[in-house]
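Taking it in order: structure first as structure tokens, then the write-up.
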């Protein structure tokens, strides 16, 4: 399936948010496709994140990739996979409240609903920080399915929020199906952190599946020493399977 792309500068309560859109290429007969909001790591839309979006779009989805720290950086900022980029991204993470991410998500939903080729069915997906943001987006009433890859900060609360509005507390608001994918050797989400999230999902009676693999953090990122091609392929197959089942 051929794809095409563009970007949209969306107005949010905290400023303009550039959002990159990837979608199946139009044919003579306009078709409608479900959409996925794809949340990046702390580095924003790097080349690996762009490739992830293209892969998902090539399987029949509109994919929206927001600049997750748009109010803290100039439009188009991409942080490097180095010490400086990591330090800046981690500083941005603790400077932006979950409530601002919530309004970002709503801005994307509003934009997608204006597109003539959007079917109205919506999912969310993310990696690392983006996994935690996808988990948060799953609380939106229109999100039917969510795939979270090694989601950070859910168990730790490092991404700040107003009292009583953290993602663990809000888990009961998730209505769609949730897919949680982890690396057992990931130091950012240790076994006790994963156990806390799992127990919370069980207690809140969420419809979810849980998958742990022998992998390190960021095994889906096809750049750098952490990349695991076999796990990446499996991860995409699982996410695509979820979205095709729930959104088509």
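The values are calculated or read from the model by the stated rules, or taken from the named source; none is laboratory data. Owing to the predicted nature of the structure, the values given are computational and were not obtained by experimental measurement. Cβ sites come from the backbone with ideal geometry, for glycine too, and all protein chains shown count toward neighbours.
Details
- Residue 192 surrounded by 14 or more Cβ atoms within 10 Å (Cβ to Cβ) and free of Cβ contacts under 8 Å to residues at least 40 places away in the same chain: no
- Failed item in (1) over 19 Å from the mean Cα position of the chain (by Cα); (2) over 28 Å from residue 177 (Cα atoms); (3) part of a loop (DSSP other than H, G, I, E, B), with residue 31 passing the rest: (2)
- So residue 48, is it modelled with pLDDT of 95 or more, crowded, with 17+ Cβ neighbours inside 10 Å and more than 24 Å from residue 103 (Cβ to Cβ): yes
- Filter pass, residue 73 being surrounded by fewer than 17 Cβ atoms within 10 Å (Cβ to Cβ), touching a helix residue (DSSP H, G or I) at 6+ places or on another chain (Cβ under 8 Å) and at pLDDT 95 or above: yes
- Qualifying residue in region 38-47 (condition: under 14 Å from residue 126 (Cβ atoms), assigned to a strand (DSSP E or B) and in contact (Cβ under 8 Å) with a residue 24 or more places away in the chain): yes
- Count of region 26-45 residues, restricted to those that are in contact with a strand residue (DSSP E or B) (Cβ under 7 Å, 6 or more places away or on another chain) and surrounded by fewer than 19 Cβ atoms within 10 Å (Cβ to Cβ), is 1.
- Flag if residue 64 is more than 14 Å from the chain's Cα centre (by Cα) and either modelled with pLDDT of 95 or more or not in a helix (DSSP H, G or I) (or both): no
- Looking at 23, 86, just one residue is in contact with a helix residue (DSSP H, G or I) (Cβ under 8 Å, 6 or more places away or on another chain) and either crowded, with 20+ Cβ neighbours inside 10 Å or not in a loop (DSSP other than H, G, I, E, B) (or both), and that residue is 23.
To keep it simple, each residue is scored yes or no on (1) at positive phi; (2) in contact with a helix residue (DSSP H, G or I) (Cβ under 9 Å, 6 or more places away or on another chain); (3) crowded, with 20+ Cβ neighbours inside 10 Å; (4) not in a loop (DSSP other than H, G, I, E, B).
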site	(1), (2), (3), (4)
154	no, yes, yes, no
158	no, yes, no, no
166	no, yes, no, no
182	no, yes, yes, yes
206	no, yes, no, no
225	no, no, no, no
230	no, no, no, yes
237	no, no, no, yes
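- Given (1) more than 14 Å from the chain's Cα centre (by Cα); (2) over 21 Å from residue 244 (Cβ atoms); (3) in contact (Cβ under 8 Å) with a residue 60 or more places away in the chain; (4) part of a loop (DSSP other than H, G, I, E, B), index of the condition residue 59 fails: (2)
- From the list 170, 175, the lone residue that is modelled with pLDDT of 95 or more and part of a loop (DSSP other than H, G, I, E, B) is 175.
- Residue within region 67-80 that is under 16 Å from residue 7 (Cβ atoms) and in a strand (DSSP E or B) present: no
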